[in-house]
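Below is one structure, written out as structure tokens, with a few remarks after it.
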Amino acid sequence: MQIHTLDKAQLISEVQLGTHLNHAVEGGRRADFGLMLAMLSPDYLETTPVDALPKPGKTESELRAYFELQDPQPLTTSERCYENGARQAQLFQDSGLADVRLLQGLQPTALTFPPQGTKGMPEEIYHNLSGHERRLLPPKEDATIQASPQDLYLSLIQAKRFAEMHQS
């Protein structure tokens, strides 16, 4: 029974002692100071301050759904951006700048419209290249072969027949 009461008497941190530990040091009371230190728990896991991890915040998409906001303004173009740009130009001709700003707020267009058909290069550089240099540029997207094994087999047979005809 006495063991359990002694276990409960242990202190977890020196904060629980208050100013008693300081007064024992200042007053030169070594016995009180030693007793108070002995009462502290020797387990480092108890004395190590551990902060609770913060709860993960909401993602941007969850916040946009909660506040009923539209999608953010895209950085580069898409097909929808060209349509919105044409609609904004027509609206500017018909109604004026205030309506264009309203449409831009409701349906934002892209921030940049990079040139198309220049294989990812700036327009000035691409148009300064000769036709031969343009032809040597790698294609912008990967050209995947649209063939099945059966088509490949038929193509190999046809190539063999053509090779036999031209050798004769």
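If only one of 108, 115 is touching a residue at least 24 places away in the same chain (Cβ under 8 Å) and not small (Gly, Ala, Ser), which one is it?
Values: 115 fails: touching a residue at least 24 places away in the same chain (Cβ under 8 Å).
Going through 108, 115 in turn, the sole match is 108.
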Item to complete: State the number of residues belonging to segment 127-137 that are open to solvent by less than 80 Å² (accessible area, probe 1.4 Å) and either in a helix (DSSP H, G or I) or touching a residue at least 40 places away in the same chain (Cβ under 8 Å) (or both).
Response: 2
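Check 103, 75 and return the single one that is more than 30 Å from residue 17 (Cβ to Cβ), hydrophobic (A, V, I, L, M, F, W, C), assigned to a loop (DSSP other than H, G, I, E, B) and modelled with pLDDT of 85 or more. Reasoning before the result, please.
On the way: 103 fails: assigned to a loop (DSSP other than H, G, I, E, B).
Only one candidate passes the filter, namely 75.
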Fill in: Residues satisfying the stated conditions in segment 92-102, i.e. open to solvent by less than 80 Å² (accessible area, probe 1.4 Å) and closer than 23 Å to residue 114 by Cα
100
Practice prompt. Run residue 42 past the list (1) at pLDDT 85 or above; (2) assigned to a loop (DSSP other than H, G, I, E, B) and report the number of the one that doesn't hold.
Written response: (1)
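Of everything in segment 109-126 that's of a type in the set (S, T, N, Q) and open to solvent by 50 Å² or more (accessible area, probe 1.4 Å), which residue is modelled with the highest pLDDT? Outline the logic, then answer.
Going through segment 109-126, the residues of a type in the set (S, T, N, Q) turn out to be 109, 112, 116, 118.
From the residues that got through so far, the ones that are open to solvent by 50 Å² or more (accessible area, probe 1.4 Å) too are 112, 116.
Details: 112: 84, 116: 79.
Selected residue: 112.
Collect the residues in segment 88-116 that are touching a helix residue (DSSP H, G or I) at 6+ places or on another chain (Cβ under 7 Å) and more than 27 Å from residue 127 (Cα to Cα), keeping them in residue-number order.
First, pick out the residues of segment 88-116 that are touching a helix residue (DSSP H, G or I) at 6+ places or on another chain (Cβ under 7 Å): 88, 91-92, 99-100, 103-104, 107, 109-110, 115.
Scanning segment 88-116 gives 88, 91, 92, 99, 100, 103, 104, 107.
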Discussion item. Kindly evaluate residue 5 against the criterion of being modelled with pLDDT under 85, open to solvent by less than 70 Å² (accessible area, probe 1.4 Å) and either hydroxyl-bearing (Ser, Thr, Tyr) or within 30 Å of residue 115 (Cβ to Cβ) (or both).
Written reply: no
Worksheet item: What is the number of the single condition among (1) surrounded by fewer than 12 Cβ atoms within 10 Å (Cβ to Cβ); (2) at pLDDT 75 or above; (3) assigned to a helix (DSSP H, G or I) that residue 32 does not meet?
Response: (1)
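The values are calculated or read from the model by the stated rules, or taken from the named source; none is laboratory data. None of the values given here were measured: they were computed from a predicted structure. Don't worry about glycine lacking a Cβ; one is built from the backbone with ideal geometry, like all the others, and counts go over all protein chains shown. Surface accessibility is based on the protein's heavy atoms, side chains included, excluding ligands, DNA and RNA. Shrake-Rupley method; radii C 1.70, N 1.55, O 1.52, S 1.80 Å.
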